[in-house]
Structure formats: C-alpha cells, structure tokens
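Everything on this sheet refers to the single structure shown next.
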Amino acid sequence: MVSAAVKDDIIQQLKKELLSLQGYKRAAGEQVISFGLGPIEKAFPDRTFPVGAVHEFISNATEDAAATNGFIAGLLGKLMRQTGVCLWVSTKRSLFPPALKLFGITAERIIFIDLSRPKEALWTVEEALKCEALAAVVAEISELSFTESRRLQLAVEQSKVTGFIHRYNPRTENTVACITRWKIKPIASAIEEGMPGIGFPRWNVQLLKVRNGKPGAWQVEWSAGGFQHITSQGLSISTSEKRKAG
C-alpha cells in the first residue's frame, strides 16, 4: 500500500512535469530570483514569477504605455541585478531611457533597436530571445499572432531568456501563447507632507491571464528600490514605516 507521503511526492512531481510541458521549465539548481512582488507572487505557480518565459502587456493609451514601461523596468531591474544586458526592440519607442535609473538600470546596459517594419521587429525579437547571453528582451510592438507568439515561447524554452512583449493599442486582444497577460494603469501617487514633487510611481496592476495560476488586480508603488504593495488605506508599506520612524 502506498503511503500518504509517497502519494504527495508523486503528485508534486506530476505538477512539475505538467508545468514543464506548459512552458514553466526550471533547470536543476537554478537560482530563484526574488522580484519582491509581494501578494502578486501568490498568483503564479510555485508563487514564483516565471523567468525564461514570454510575458504580454497590453496598453491602450499613452499614459498606460508609460506606466507599463515603468512596471517592466522594475521587473528588469530585479532580473538584471548588477550584471546582464537587455535588448529593447521597438517600432515606435515610447521609453525615456534616463528614467531607467529610477529602477536601478543604467541606460548603457540596454541595447535599443528601433525598426520601422513590424515584421523586422518580430524577427529581431525572435532571434534575440534565442541568445543566451541576454538577460531579457523587451519588444514594443502592436500586433502579435498566436503562431508568432508560439515561436517566441519556443525560443525562450531553449535559451531561458525572459521576454516582455508590450503591445500598444493592438487591433484586437487576441489569444497568444505567452505565459501571462497584464494591463498596467497609472494611479495618483502620494505626496509626503512637506516634500516637493509628485511622489513615487503608482500603478494599478491587472494580471488578466496566467497559465496554471490565479489572475487578480493589485495596487503597487515603486519606492525604496522595489515594489511596495499599497494597503487599503492608500499608504504603501514603505511610506507607512517611514512616517512611523519619523
């Protein structure tokens, strides 16, 4: 008779094999990267942000595109750490490179490729995702078919490079083979009493789809070099702690 412990081990192994078949592949001994996403991490299988996979972001307005680029930059900062190079491909680049410094990335660690034709951009992204020397690839494109997205996903399953596809104002929000689908919108920031400026970036983060996970929505602030979950009272954890300390 099979013991409960053995059954549990078998179930866990089957879950890992299922995730592997669906694009969640982690090499033996591979270091888990902490993105500091807090409650958002509960939405992912194994409560871990999927790397070596392709993530899709959709924005429909200029301000949403800026917020999306900021959120992606926050993820890149954690992914690249002190080393690593990212390729940023676009047909209409909306990123302001000096702003990357806020997220712990110096602009010289990003290789920008601006192309006029969408087909050239997609080809460049696919080839870049095959390059194991890159930490990540970001693509600002509008249209992506299921077949095209499948090729991108197959590329990263071999290279373990993480891809971020930012689709600005696509004609349709069609089905793609990406691991996740996100929508990021800006929300009003909190201004510290007696301090000038507009406060830290804040976003409404919607995880619309996640393979084998649980979609949801959260409010997040970027401060103190990381993502901070915003409480129901409208204060981030870090801001609350700073006020108590002061």
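The values are calculated or read from the model by the stated rules, or taken from the named source; none is laboratory data. Nothing here was measured: the structure is a model prediction, and the numbers come from that model. Virtual Cβ from ideal backbone geometry, glycine too; neighbours counted across all protein chains shown.
Scanning segment 144-166 for residues that are outside any helix (DSSP H, G or I), more than 27 Å from THR83 (Cα to Cα) and either touching a helix residue (DSSP H, G or I) at 6+ places or on another chain (Cβ under 8 Å) or not hydroxyl-bearing (Ser, Thr, Tyr) (or both) turns up just one, LEU144.
Of the residues in segment 62-75, at least one is surrounded by 21 or more Cβ atoms within 10 Å (Cβ to Cβ), over 12 Å from the mean Cα position of the chain (by Cα), modelled with pLDDT of 90 or more and within 21 Å of ARG181 (Cα to Cα).
One line per residue, one yes/no per condition, for (1) at pLDDT below 55; (2) within 24 Å of ASN174 (Cβ to Cβ):
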{"site": "GLN12", "(1), (2)": "yes, no"}
{"site": "GLU17", "(1), (2)": "yes, no"}
{"site": "SER20", "(1), (2)": "yes, no"}
{"site": "GLN31", "(1), (2)": "no, no"}
{"site": "LEU37", "(1), (2)": "no, no"}
{"site": "GLU41", "(1), (2)": "no, no"}
{"site": "HIS55", "(1), (2)": "no, yes"}
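Go through the residues of segment 107-123 one by one and say whether even a single one is over 17 Å from CYS178 (Cα atoms) and modelled with pLDDT under 90. Yes, some residue in segment 107-123 is over 17 Å from CYS178 (Cα atoms) and modelled with pLDDT under 90. When the residues of segment 77-98 are filtered to those that are modelled with pLDDT under 95 and among the aliphatic types (A, V, I, L, M), which remaining residue is nearest to GLU120 (Cα to Cα)? Only one residue fits best here, namely LEU95.
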